[in-house]
1. For residue 59, only one of the following conditions fails: (1) outside any helix (DSSP H, G or I); (2) surrounded by fewer than 22 Cβ atoms within 10 Å (Cβ to Cβ); (3) in contact (Cβ under 8 Å) with a residue 24 or more places away in the chain. What is its number?
2. If I filter the range 169-176 for residues that are among the hydroxyl-bearing types (Ser, Thr, Tyr), assigned to a helix (DSSP H, G or I), over 22 Å from residue 205 (Cα atoms) and modelled with pLDDT of 95 or more, do I get at least one hit?
3. Closer than 29 Å to residue 43 by Cα, surrounded by fewer than 17 Cβ atoms within 10 Å (Cβ to Cβ) and either modelled with pLDDT under 95 or under 13 Å from the mean Cα position of the chain (by Cα) (or both): which single residue out of 200, 211 fits that description?
4. Restricting to the range 112-139, name every residue that is within 16 Å of residue 91 (Cβ to Cβ), of a type in the set (Gly, Ala, Ser) and buried (at least 20 other Cβ atoms within 10 Å of the Cβ).
5. Quick one: would you say residue 47 is farther than 27 Å from residue 199 by Cβ, part of a helix (DSSP H, G or I) and without any contact (Cβ under 8 Å) to a residue 40 or more places away in the chain?
6. Select from the range 80-109 the residues that are surrounded by fewer than 18 Cβ atoms within 10 Å (Cβ to Cβ), of a type in the set (Gly, Ala, Ser) and part of a loop (DSSP other than H, G, I, E, B) and list them in ascending order.
7. Just checking, how many residues over the range 1-24 are surrounded by 18 or more Cβ atoms within 10 Å (Cβ to Cβ), among the charged types (D, E, K, R) and assigned to a helix (DSSP H, G or I)?
8. Any residue in the range 140-156 that is in contact with a Leu (Cβ under 6 Å, 6 or more places away or on another chain), among the hydrophobic types (A, V, I, L, M, F, W, C), crowded, with 18+ Cβ neighbours inside 10 Å and assigned to a loop (DSSP other than H, G, I, E, B)?
Amino acid sequence: MERSRVAIIIPAFNEVGTINQVVSAVSPYGLVIVVNDCSTDDTADIAASAGAIVINHQTNQGYDGALNSGFSEANKRGCLYAITFDADGQHHAALLENFLTQLRSGYDLVLGVRPSVMRFSEKWFAYYAKRRYGILDPLCGMKGYNMALYQSLGYFDSKKSIGTELTFYAVKNKKPFTQIAVPISKRVGQSRFGQRLKGNGKILRALLKINAM
């Protein structure tokens, strides 16, 4: 399959320390779309120099807003598959090959599963997702999608669900999915998701919205 039919979507906010390495590592697998979510550093310039398609937000729209923009761009470019990938260097680019193999074999959704999660709210979300739908790690940032899912729903996210609305749309509509273990490298720098209390609040609000779908 042509590289241009696969989008690697990377939301990024102030990731100047890792974005060059990340873009370079994932470029062999597809079109790299970096959504620069109003960074105050040189993230956008470095990503562009590394060969990424860069979408610049003039205001910070958060994780879901960045992914909305990335999926829209992938759809405009006629991509068949999209894989979300973190900008902080925690994901391993070599895993993309397996994600693509699963998508090409007929799965509409491929979910990464991290070895563990730290926040208690992530554990609650994972417990809910496993009991209801068999999903082990709904908040892993590395997921693969058949773009037909996005086209069917019409958007990636409308609820600020931390990248999970399209996932739950798929499983609730009985779309075939599989799960892949995703080892995580130690993050360089501070998490952009927010401090513990703020991050837990975001996750619990997202869980309530997903439960109400």
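1. (3) is the only condition that residue 59 fails.
2. First pass over the range 169-176, keeping only residues among the hydroxyl-bearing types (Ser, Thr, Tyr): 169.
Okay, now just the ones that are also assigned to a helix (DSSP H, G or I), so 169.
After this cut, where a residue has to be over 22 Å from residue 205 (Cα atoms) as well, the list is none.
No, the conditions are met nowhere in the range 169-176.
3. Numbers: 211 fails: closer than 29 Å to residue 43 by Cα.
The match here is 200.
4. Let us first name the residues in the range 112-139 that are within 16 Å of residue 91 (Cβ to Cβ), namely 112-117, 137, 139.
Right, trim to of a type in the set (Gly, Ala, Ser) and you get 112, 116.
The one that is within 16 Å of residue 91 (Cβ to Cβ), of a type in the set (Gly, Ala, Ser) and buried (at least 20 other Cβ atoms within 10 Å of the Cβ): 112.
5. On the way: farther than 27 Å from residue 199 by Cβ: no; part of a helix (DSSP H, G or I): yes; without any contact (Cβ under 8 Å) to a residue 40 or more places away in the chain: yes.
No: the conditions fail for residue 47.
6. Across the range 80-109, the qualifying residues are 105, 106.
7. 0
8. Looking for residues that are in contact with a Leu (Cβ under 6 Å, 6 or more places away or on another chain), among the hydrophobic types (A, V, I, L, M, F, W, C), crowded, with 18+ Cβ neighbours inside 10 Å and assigned to a loop (DSSP other than H, G, I, E, B), one finds at least one in the range 140-156, hence yes.
The values are calculated or read from the model by the stated rules, or taken from the named source; none is laboratory data. It should be emphasised that the depicted structure is a prediction, and the values quoted were computed from it without experimental measurement. No Cβ is skipped: glycine too gets one built from the backbone with ideal geometry, and neighbour counts run over all protein chains shown.
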